[in-house]
Amino acid sequence: MKVTDEQTRQFREDGITVVRNCLNEAQLAACYETFTWNVANPGPYHFRALEGTSLATHIDNANPHSKAKLDALVQTLPFAGIFQQLWGSEHVWYFAEEVFVKEGGNSGRGPFHQDTANLPWAGPHWGNAWISFQHIPKANSLEVVRGSWAGIEYDGSTFANADDPTEPLHNDGVLPRLPHIDRDLAANPDSWDLVSYEVNPGDVVFLHPRSVHGGAQVDAATPDRHTLVLRFFGDESRFRELPTSNPRYARNGVLFADEMSKLNEGDLFRSPIFQQVA
Ligand SMILES: O=C(O)CCC(=O)C(=O)O
Ligand SMILES: [Fe+2]
């Protein structure tokens, strides 16, 4: 699948673009089947801290039970070629998935964050394919702070405090605290330059995971959002040590921690555990 110069420019500059009708019906059905299985069979990194709060969302990351299914699935999807073009990379590797389930119209906006707060990554050739299975209006979609992928590396969000989405993950002063984007926007809608796209099933949003981003709320008109995120990396991707104060995320992060312990600061991000797709 060919992407346009404008989509490439958007990804490289803004950190986000959308490809309409990126997945055909069969591909979308295969993605939904894997997504549904993944949600029904949570893995060890199933994140429960938001349960019972106004942000209640089923989030699961790199579920090892689904790895074989997902490695097979990504071979049938067009993302390797798309990322080659968006990045200008010869090679593409598949990292892992994350799932987000918001249901019943009650979940508020997810905390803004950068995936690099808890994943030991650096470099331009990283990308999330954000696949939602419902029609999602712009107001309920993923939001990215334009250009932030190349800006400040902030501390993460604990994702555990519904009253303060900026509660720091590492909290050791190494990385600056996230700005309170929701509060700023409530005071002045022009305070942050956000990019988001209305999507229909089959459309895929591509974002650089170092972008400051967050998933908007669901509501009465759009009560449910089921999202499968597939993460990829290319030639210019490197290992970057995380701050070491939070034992859960120290240095290697929690995902594939044994593999990550073999890499050192600045090394090319390579491991046989990640399937090469181009
Ligand atoms: O869909 C969401 O609510 C958040 C997505 C996200 O954080 C990601 O793609 O990394
Ligand atoms: Fe994220």
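The values are calculated or read from the model by the stated rules, or taken from the named source; none is laboratory data. Because the structure is a prediction, the values reported are computed rather than measured. As a convention, Cβ positions derive from the backbone with ideal geometry for all residues, glycine included, and neighbour counts pool all protein chains shown.
Which members of the range 196-217 meet the condition of being part of a loop (DSSP other than H, G, I, E, B), under 18 Å from the mean Cα position of the chain (by Cα) and either free of Cβ contacts under 8 Å to residues at least 40 places away in the same chain or at negative phi (or both)? Those that are part of a loop (DSSP other than H, G, I, E, B), under 18 Å from the mean Cα position of the chain (by Cα) and either free of Cβ contacts under 8 Å to residues at least 40 places away in the same chain or at negative phi (or both): Ser196, Tyr197, Glu198, His208, Pro209, Arg210, Ser211, Val212, Ala216, Gln217. Taken together, the residues in the range 88-102 that are out of contact with any Lys or Arg (no Cβ under 8 Å at 6 or more places or on another chain) and either at pLDDT below 95 or farther than 20 Å from Leu70 by Cα (or both) amount to 3.
I'd like to know if the range 91-114 contains one or more residues that are among the polar types (S, T, N, Q), in a strand (DSSP E or B) and under 20 Å from Glu198 (Cβ atoms). No - not one qualifying residue is present in the range 91-114. The number of residues in the range 13-38 that are crowded, with 17+ Cβ neighbours inside 10 Å, under 21 Å from Ser141 (Cα atoms), out of contact with any His (no Cβ under 6 Å at 6 or more places or on another chain) and not aromatic (Phe, Trp, Tyr) comes to 9. Residues of the range 222-278 that are of a type in the set (Phe, Trp, Tyr) and within 22 Å of Asp71 (Cβ to Cβ): Phe232, Phe233, Phe239, Phe256, Phe269, Phe274. Within the range 50-101, if we keep just the residues that are closer than 20 Å to Ala257 by Cα and without any contact (Cβ under 8 Å) to a residue 40 or more places away in the chain, the residue that is farthest from ligand 1 (Cβ to nearest atom) turns out to be Ala68.
In this structure, Gly88 qualifies as out of contact with any Leu (no Cβ under 8 Å at 6 or more places or on another chain), away from ligand 2 (no atom under 16 Å from the Cβ), under 18 Å from Phe206 (Cα atoms) and of a type outside the set (A, V, I, L, M, F, W, C).
If we scan the range 234-249, do we find a residue that is more than 19 Å from Gly108 (Cβ to Cβ), modelled with pLDDT under 95 and within 16 Å of ligand 2 (Cβ to nearest atom)? Yes, the range 234-249 has at least one match. For the range 38-78, which residues satisfy the criterion of being within 13 Å of Ala96 (Cβ to Cβ) and hydrophobic (A, V, I, L, M, F, W, C)? Matches in the range 38-78: Ala62, Ala68, Leu70, Leu73, Val74.
Do we find a residue being more than 14 Å from ligand 2 (Cβ to nearest atom), farther than 15 Å from Gly110 by Cα and among the small types (Gly, Ala, Ser) anywhere in the range 150-170? Yes, because at least one residue in the range 150-170 is more than 14 Å from ligand 2 (Cβ to nearest atom), farther than 15 Å from Gly110 by Cα and among the small types (Gly, Ala, Ser). One residue stands out among those in the range 51-68 that are under 19 Å from the mean Cα position of the chain (by Cα) and not in a loop (DSSP other than H, G, I, E, B): the one that is surrounded by the fewest Cβ atoms within 10 Å (Cβ to Cβ), which is Pro64. Just one of the listed residues (Ser148, Ser132) is surrounded by 15 or more Cβ atoms within 10 Å (Cβ to Cβ), over 30 Å from Pro247 (Cβ atoms) and within 16 Å of the chain's Cα centre (by Cα), and it is Ser132.
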